[in-house]
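A short worksheet on the structure shown next.
The values are calculated or read from the model by the stated rules, or taken from the named source; none is laboratory data. None of these values were measured; they are calculated from a predicted model. Don't worry about glycine lacking a Cβ; one is built from the backbone with ideal geometry, like all the others, and counts go over all protein chains shown. All accessible areas refer to the heavy atoms of the entire protein, side chains included, with ligands and DNA or RNA removed. Shrake-Rupley method; radii C 1.70, N 1.55, O 1.52, S 1.80 Å.
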Amino acid sequence: MKQPAFFSKTNIIYFLILLVMIAVPFILDSRTFTILLTQICIFAILAMSYDVLLGYTGIVSFGHAMFFGVGAYTTSVMLSRIEPTITVFIGSIAVGMLLAAALSAVIGLLTLRLKSHYFAMFTLAISGLLLVVAEKWRTVTKGNDGFTFRAPEFFRDRIYFYFFVLICLVIVFIVLKRFVASPLGRVLIAIRENEQRTRSLGFRTLGYKVVASIVAGVVASLAGSLYAISLRFVNTSVMTIDITLDALLMTIIGGVGTLIGPIIGAGVIEFAQHYLSGLAREYPIFERWIIFFGILYVVAVIFFPKGIVGTVYLKYNSWKTKKQQAKLQTVELVKEKEQFE
């Protein structure tokens, strides 16, 4: 009997990882580590949204932080001007998603006709424009100074907020997994591999790329809303290119086009930043920890050219193929022996 897809080896691995993430805060019982895990989950959501563009559609964007910033500012402004309750927080997430969807649709229709680096530079320009708007619109954003706000009472306990973010991560992963496995997702992969051939088959590739851009923007907005709550503070740093570069690095290091890869990449990068910055307090050589972080990235690219998950998949498939070939050779030898006898 064929094994149900739900009980596949991959799903079992995912389930075990989830169990570990649930158990770790209780085992370590450290507020600092709980906050670190929360940051990893938030940036994993952001990295997965970027993977929809880069890994499944072949779109390189340097302006992805603008959607992250839209979510962060929407949640922050609503919670600062309205009573900070769970209802208002959920509403702010929904409003941020709607604004991000509208913004990504407009930008997609205007820019996705451009190719490769032209599109990337145009998104960078638009993101820079929105960053300037956020800096100058001080009546709402308070500019570079930013502002603090109160989080819902339920999230005062960091454990509760961590589990809320973890639930969001699981939901986003499942939804995006179904999205990329759908017929629409298959078309996006075809566009990534050969857009001209996909267009020749009758698909309107621009519409599909706009849909991918909207999905990525909406998910990035969710990550921004969660990030704002985790800090209880927001300023224009949420819209800088550093956020986009973090998402790009997490996707590349983890494995482009895998979804689970960006989660692992987020864990590696966030933990490395936390660990290296912590060493700087004890060892002066680590005060320039960003240099060591760059070396870590170079090493990861050299030894894992397809990302951590992509390289593991490649090695596993190679081992599996060799095992099957050895098995076939054994069967052929047995048949030849029987014929000879």
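Just to be sure before I move on: is Ala94 among the small types (Gly, Ala, Ser) and touching a residue at least 60 places away in the same chain (Cβ under 8 Å) in the structure I sent?
no
Any residue at all in the stretch 21-30 that is under 21 Å from the mean Cα position of the chain (by Cα) and in contact (Cβ under 8 Å) with a residue 12 or more places away in the chain?
yes
Would you confirm, using the coordinates I've provided, whether Ile253 is closer than 27 Å to Ile189 by Cα, part of a helix (DSSP H, G or I) and open to solvent by 30 Å² or more (accessible area, probe 1.4 Å)?
Answer is no for this residue.
Kindly indicate which of Thr123, Thr111 is open to solvent by less than 10 Å² (accessible area, probe 1.4 Å), at pLDDT below 90 and closer than 19 Å to Leu248 by Cα.
After applying the criteria, what remains is Thr123.
Looking at the stretch 190-229, which of its residues are within 14 Å of Ile93 (Cβ to Cβ) and either at pLDDT below 90 or more than 17 Å from the chain's Cα centre (by Cα) (or both)?
Ile229
Which one is nearest to Leu79 (Cα to Cα), of the residues in the stretch 148-205 that are in a helix (DSSP H, G or I) and of a type in the set (Lys, Arg)?
Arg156
Kindly check whether there is at least one residue in the stretch 256-278 that is of a type in the set (S, T, N, Q), within 19 Å of the chain's Cα centre (by Cα) and either open to solvent by less than 30 Å² (accessible area, probe 1.4 Å) or under 23 Å from Ala47 (Cβ atoms) (or both).
Yes, there is a match, as at least one residue in the stretch 256-278 is of a type in the set (S, T, N, Q), within 19 Å of the chain's Cα centre (by Cα) and either open to solvent by less than 30 Å² (accessible area, probe 1.4 Å) or under 23 Å from Ala47 (Cβ atoms) (or both).
I need a count of the residues in the stretch 129-147 that are free of Cβ contacts under 8 Å to residues at least 24 places away in the same chain and assigned to a helix (DSSP H, G or I).
So the count comes out to 6.
Which of (1) open to solvent by 40 Å² or more (accessible area, probe 1.4 Å); (2) touching a residue at least 12 places away in the same chain (Cβ under 8 Å); (3) not β-branched (Val, Ile, Thr) does Pro152 not meet, given it meets every other one?
Failed condition: (1).
What tally of residues in the stretch 215-236 results from selecting those that are in contact (Cβ under 8 Å) with a residue 60 or more places away in the chain, surrounded by fewer than 24 Cβ atoms within 10 Å (Cβ to Cβ) and part of a helix (DSSP H, G or I)?
Summing the residues that are in contact (Cβ under 8 Å) with a residue 60 or more places away in the chain, surrounded by fewer than 24 Cβ atoms within 10 Å (Cβ to Cβ) and part of a helix (DSSP H, G or I) in the stretch 215-236 gives 3.
Find the helices (runs of 4 or more DSSP H) located wholly in the stretch 9-92 whose residues include 1 or more that are at positive phi, out of contact with any strand residue (DSSP E or B) (no Cβ under 9 Å at 6 or more places or on another chain) and open to solvent by 30 Å² or more (accessible area, probe 1.4 Å), and list them.
Filter on the stretch 9-92 gives an empty set.
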